[in-house]
Amino acid sequence: MRDTDRKKREAADWSRSGPLPRKHLERMTHWFHRNPLKATAPVPFNYYGVVTGPAASKICSDLRSSRARLLELFTDLNCNPQMMKNAADSYFSLLQGFINSLDESTQESKLRYIQNFKWTDTLQGQVPSAQQDAVFELISMGFNVALWYTKYASRLAGKENITEDEAKEVHRSLKIAAGIFKHLKESHIPKLITPAEKGRDLEARLVEAYIIQCQAEAQEVTIARAIELKHAPGLIAALAYETANFYQKADHALSSLEPAYSAKWRKYLHLKMCFYTAYAYCYHGQTLLASDKCGEAIRSLQEAEKFYAKAEALCKEYGETKGPGPTAKPSGHLFFRKLGNLVKNTLEKCQRENGFIYFQKVPTEAPQLELKANYGLVEPVPFEFPPTSVHWTPETLAAFDLTQRPKDDSAKPKPEEVVKPVKEPDIKPQKDTGCYIS
């Protein structure tokens with residue numbers, strides 16, 4: 001019921017402003033930076049001697065097949081959010097039997113530590129982290145599901161002639177991803193027996209950066225919509241300012257990580273911060289001009305010009321910086337280039353008006369942006385893992401006899417063992433449909 005109500009509220013939020021224009025979301029392929037998916041070693045779920053009955057054997061078989069299916073969908077371009085949710089729920093509901101007791105007590109399942117799981121990290125290459133803990137598997141696979149939603153949103157935003165419904169789905173997918181990351185950080189990562197090492201995906205700083213980036217990117221969709229529908233410059237400036245702050249916070253979360261694997265991601269976050277700061281100053285300048293504060297408007301537009309130039313320079317630096325993930329190309333997009341023209345034209349207009357009408361002194365200090373958006377701010381969509389599968393019964397659990405487990409666990413992986421990276425599909429930029437800057 002809550003999910004239905006939330007969708008109704010979201011639909012109402014979008015419909016209040018009319019249909020979403022298409023051109024600001026056209027051909028946004030390579031607009032968003034994406035780190036690689038996490039890779040994992042195969043898990044056979046074979047417990048010879050431990051499994052003593054057909055029900056337990058069936059659970060293991062279903063775990064094996066549902067895990068393999070979920071991993072396949074991460075790189076399937078035909079996968080949509082409903083397919084992803086169904087596959088993830090199927091696997092996670094089965095995995096819950098390895099984590100939680102069936103009587104819903106605070107006790108953990110006797111099977112929690114039966115299997116060793118290996119996962120790589122999005123930033124640190126192919127050497128995996130390994131933990132003999134089903135909670136580690138739940139978190140790591142959940143992390144990949146969240147990453148999939150961000151990549152799905154990026155692909156969808158890269159389509160030609162994106163529809164209003166597709167734009168909503170971009171917006172919602174990014175909020176879902178933020179909700180998953182937030183849930184992992186708050187409810188599951190603290191349960192790990194072995195804390196995450198510095199710079200690994202499950203470390204709090206990295207998860208926080210992913211949460212904030214998802215919120216910021218969803219807010220970009222809101223800004224594009226507000227601009228095209230010609231909302232008040234004050235609202236657009238406030239949204240842009242809040243979005244720039246999001247990117248700054250995400251960058252700060254990564255500030256103490258090794259540059260060797262974080263520099264590229266941080267360049268992206270920094271350039272987006274500068275880009276939306278330029279947007280904020282540009283639209284704040286329009287607000288000041290409308291209030292007959294032409295001198296202050298000129299100074300605000302000069303600051304916008306400065307931050308836009310910084311964003312352009314950072315785009316080049318970002319493209320030259322080595323690091324995980326394919327390189328985004330924001331400076332080549334219409335949405336990016338349009339801001340440069342808007343700043344230039346608005347500044348020239350303010351200077352003309354000041355020369356003919358206002359004759360106001362231009363302040364030496366840039367105006368302080370103390371803007372607060374009352375509408376359009378993005379919050380993560382709340383997320384919960386599904387409950388334990390109905391196939392887990394006391395009889396099924398009893399059919400796992402841990403006393404028969406081999407004492408020498410030869411299946412335990414070596415920490416230095418390499419896991420093959422996920423082969424992700426290459427997203428080609430769509431053919432230009434003829435949108436140019438006039």
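The values are calculated or read from the model by the stated rules, or taken from the named source; none is laboratory data. Everything numeric in this text was worked out from a predicted model, so none of it was measured. Here the Cβ positions follow ideal geometry from the backbone for every residue, glycine too, while neighbour counts run over all protein chains shown. With ligands, DNA and RNA removed, areas are computed over all heavy atoms of the protein, side chains included. Shrake-Rupley method; radii C 1.70, N 1.55, O 1.52, S 1.80 Å.
Selection of first residues in segment 386-404 that are within 13 Å of Ser109 (Cα to Cα) and free of Cβ contacts under 8 Å to residues at least 24 places away in the same chain and of second residues that are open to solvent by less than 60 Å² (accessible area, probe 1.4 Å) and not in a helix (DSSP H, G or I), restricted to Cβ pairs under 7 Å at least 6 apart or on distinct chains, gives an empty result. For segment 110-153, enumerate the residues that are hydroxyl-bearing (Ser, Thr, Tyr) and in a loop (DSSP other than H, G, I, E, B). Those that are hydroxyl-bearing (Ser, Thr, Tyr) and in a loop (DSSP other than H, G, I, E, B): Tyr113, Thr120, Thr122.
Under 9 Å by Cβ, and 6 or more places apart or on different chains, what pairs join a residue from segment 39-52 that is more than 11 Å from Ala68 (Cα to Cα) and open to solvent by 60 Å² or more (accessible area, probe 1.4 Å) with one that is in a strand (DSSP E or B) and of a type outside the set (Val, Ile, Thr)? Short answer, once both residue conditions are applied: Thr52/Phe400. A count restricted to segment 250-273 and to residues that are assigned to a loop (DSSP other than H, G, I, E, B) and in contact with a Phe, Trp or Tyr (Cβ under 7 Å, 6 or more places away or on another chain) stands at 1. Residue count for segment 363-408 under the criterion of being of a type in the set (S, T, N, Q), open to solvent by 20 Å² or more (accessible area, probe 1.4 Å) and not in a loop (DSSP other than H, G, I, E, B): the result is 2.
Scanning segment 208-229 for residues that are under 19 Å from Ala253 (Cβ atoms) and among the small types (Gly, Ala, Ser) turns up Ala209, Ala216, Ala218. Within segment 130-173, being open to solvent by less than 30 Å² (accessible area, probe 1.4 Å) and β-branched (Val, Ile, Thr) holds for Val135, Ile139, Val145, Thr150, Ile162, Val170. Taking the criterion of being surrounded by fewer than 19 Cβ atoms within 10 Å (Cβ to Cβ) and either polar (S, T, N, Q) or more than 22 Å from the chain's Cα centre (by Cα) (or both), the residues of segment 61-76 that qualify are Ser61, Asp62, Arg64, Ser65, Ala68, Arg69, Thr75. Annotation: of all residues in segment 174-197 being touching a Leu at 6+ places or on another chain (Cβ under 8 Å) and not in a helix (DSSP H, G or I), the one that is surrounded by the most Cβ atoms within 10 Å (Cβ to Cβ) is Ala196.
For segment 95-102, state whether one or more residues are open to solvent by less than 20 Å² (accessible area, probe 1.4 Å), in contact (Cβ under 8 Å) with a residue 60 or more places away in the chain and within 24 Å of Ala39 (Cβ to Cβ). Within segment 95-102, one or more residues are open to solvent by less than 20 Å² (accessible area, probe 1.4 Å), in contact (Cβ under 8 Å) with a residue 60 or more places away in the chain and within 24 Å of Ala39 (Cβ to Cβ).
For segment 141-164, the criterion of being modelled with pLDDT of 95 or more and under 25 Å from Leu402 (Cβ atoms) is met by at least one residue. For segment 154-173, filtering for residues that are among the charged types (D, E, K, R), part of a helix (DSSP H, G or I) and farther than 17 Å from Arg225 by Cβ leaves 1.
Of the residues examined, Leu339 is not one that is touching a helix residue (DSSP H, G or I) at 6+ places or on another chain (Cβ under 8 Å) and open to solvent by 20 Å² or more (accessible area, probe 1.4 Å). Exactly one residue among Leu25, Leu20 is modelled with pLDDT under 95, surrounded by 11 or more Cβ atoms within 10 Å (Cβ to Cβ) and closer than 30 Å to Leu206 by Cβ, and that residue is Leu25. Whether a residue is open to solvent by 60 Å² or more (accessible area, probe 1.4 Å) and either out of contact with any strand residue (DSSP E or B) (no Cβ under 9 Å at 6 or more places or on another chain) or farther than 15 Å from Phe143 by Cα (or both) was assessed, and Glu217 does not pass this test. Number of residues in segment 239-266 that are in contact with a Gly (Cβ under 6 Å, 6 or more places away or on another chain) and over 20 Å from Pro324 (Cα atoms) equals 1. Report, by residue number, each residue of segment 418-428 that is at pLDDT below 65 and either in contact with an Asp or Glu (Cβ under 6 Å, 6 or more places away or on another chain) or open to solvent by 60 Å² or more (accessible area, probe 1.4 Å) (or both). Across segment 418-428, the qualifying residue is only Lys428. Looking at segment 206-249, which of its residues are basic (Lys, Arg) and not in a helix (DSSP H, G or I)? Across segment 206-249, the qualifying residue is only Lys230.
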